[in-house]
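Here is the structure we will look at, set down as structure tokens.
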Amino acid sequence: MAYPTTPPPAQKRTEGSAVQEMTVGTGAGLDTADMVLNIGPQHPSTHGVLRLKLTLDGERVVACEPIVGYMHRGAEKLFEVRDYRQIIMLANRHDWLSAFSNELGVVLAVERLMGIEVPERAVWLRMALAELNRVLNHLMFLGSYPLEIGAITPMFYAFRERETLQAVMEEVSGGRIHYMFNRVGGLKEEVPAGWTKRARQAVAAVRRRMPDLDNIIHKNDIFLARTVGVGVLTAAEAAAYGASGPVARASGLDFDVRRDEPYLFYDQLDVPVVTRTAGDCHARFEVLLEQVFVSLDLIDQCLDRVDRTGGPVNVRLPKVVKAPEGHTYAWTENPLGVNGYYLVSRGEKTPWRLKLRTASYANVQALATLIPGCLVPDLIAILGSMFFVVGDIDK
């Protein structure tokens, strides 16, 4: 069969009242048109919905527009019709991998406005549980990120360690994901007898086995080829977008709220801050991996303080909790970055306003800078390395 060798006919398109002719095709002597491609939104039942509007020149991304809001549940508006005990349940769900840390930020803001002094034992327990939650968060990404770029096995190693620590968190709180263990004035209840010993054993087991995950992926040739030099975020760009957490520290921003603006009793501990300067996908993975070891050490230190500190784990509160009229701002170093809680009260039992500043919302903005110039195959590697939770973006 003979095939025609003549070029394709010019296609006409109308823009306003003018008619333009455009030749669409590939090959020598032909102009090509940029293609607009939507990555997502996926089906509503998936675990988070983010849409990227990409402009492509062949396989090269020319422009990227992150479009958020598909999971918006109006959490901040719901805070205004829930009392100070009820909003804890709402707050721990926007970043479902960091539930304890989300609760902690809310109660810190309320306690600050009410002038409540939390018992010392409760503070050390909060710190131990917050660092356990941080490790659980990081392990999820350390397993899922390699999975997104084709490496299946690390997910099993990461979940082995997660299950070891999940058992500890479940024993103390009764929950595996949404712990609901913080309360205004302290914690829900005392930890079970012998819990600190079992927590130490779990931490030691995870520390001993973490090199398995490190060795299987960290220096893997394929993983290095997919991540080194890909998706570089400079320190200046990270600061301009308000990025924080492992994403920002991988670009060289040496900032951690636990060390620089300490809350709870972090000022009594030496908190090493893990940083890199490359700012690429591999640096972000490295920071996340090394941060796990730092948090495991901090957990041991907090558990030692818990064993040496007696007393209650909460304070008695009136039946109806009302914060005095005023406003305050509390921020915490959540696993994914800086979370801020701006609380405004008019002296009632519900907040007049509680504004969330979430880490994922700020970090994902940088995709508009990171993705243009990359190839489509690198898109997923960059996207996964930003370590965000979509509920934390949309709130």
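The values are calculated or read from the model by the stated rules, or taken from the named source; none is laboratory data. Everything quoted here is computed from the prediction, not taken from an experiment. Don't worry about glycine lacking a Cβ; one is built from the backbone with ideal geometry, like all the others, and counts go over all protein chains shown. Remember, those area values only see protein heavy atoms, side chains included, never the ligands or the DNA or RNA. Shrake-Rupley method; radii C 1.70, N 1.55, O 1.52, S 1.80 Å.
Measuring nothing but protein heavy atoms, the accessible surface of the chain at 1.4 Å probe radius is 54 percent carbon and sulfur. Taking one quarter of the surface of the C-alpha convex hull of segment 314-395 gives a mean projected area of 7.4 nm². Between amide H atoms placed 1.01 Å from N, distances below 5 Å from R51 occur with I67, all of them 5 or more places distant or on a separate chain.
Over the chain, DSSP H runs of length four or greater, each weighted -39,500 (n - 2.57), average out per residue to a 222 nm ellipticity of -13000 deg cm²/dmol. Between the C-alpha center of segment 190-228 and that of segment 89-122 there is a gap of 26 Å. Taking the dipole about the Cα centre of the chain, with the C-beta of Lys and Arg at +1 and of Asp and Glu at -1, give me whichever of G242, V203, L253 is farthest to the positive side. My answer, from the dipole projection, is V203. Taken one residue at a time, the phi angles of segment 334-341 give Karplus couplings (6.51, -1.76, 1.60, θ = phi - 60°) of 6, x, 8, x, 7, 10, x, 10 Hz. Gly and Pro are set to x.
Overall, the anisotropy analysis places segment 269-341 in the oblate class: the square-rooted eigenvalues a ≥ b ≥ c of its C-alpha gyration tensor yield a/c not less than 1.5, with a/b not exceeding b/c.
Size descriptor for the chain, Kirkwood hydrodynamic radius: 22.9 Å (Cα pairs only, one decimal).
Amide H contacts of N334: N339, each under 5 Å away and 5 or more positions distant or on a separate chain (H built 1.01 Å from N in the peptide plane; Pro and chain starts excluded). Straight-line cross-link reach from K355 at under 23 Å between alpha-carbon atoms covers these lysines, not counting any fewer than eight positions away in the same chain: K77, K322, K395. For a straight C-alpha distance cut-off of 30 angstrom, the lysines reachable from K197 (same-chain residues fewer than eight places away being disregarded) are K188. Does segment 203-325 come out rounded, prolate or oblate by the C-alpha gyration tensor, with a ≥ b ≥ c the root eigenvalues, rounded set by a/c under 1.5 and, if not, prolate when a/b is larger than b/c and oblate if not? In terms of gyration-tensor shape, oblate. Relative protection proxy for 306-313, 335-342, from highest mean packing down: 335-342, 306-313 (other beta-carbon atoms within 10 angstrom). Among the lysines, select those whose C-alpha is under 26 Å from the C-alpha of K219, and discard any that sit fewer than 8 residues away in the same chain. Within the straight-line cut-off, K219 pairs with nothing. Computed 3J(HN,Hα) for segment 357-362, one whole-Hz value per residue from the Karplus formula 6.51 cos²θ - 1.76 cosθ + 1.60 where θ = phi - 60°, is 10, 9, 5, 5, 4, 6, glycine and proline marked x. The residues of the chain have, on average, 45 Å² of accessible surface per residue, using a 1.4 Å probe with all protein chains present. Ranked by the mean number of other Cβ atoms within 10 Å of their residues, highest first, the peptides 377-389, 234-246 come out as 377-389, 234-246.
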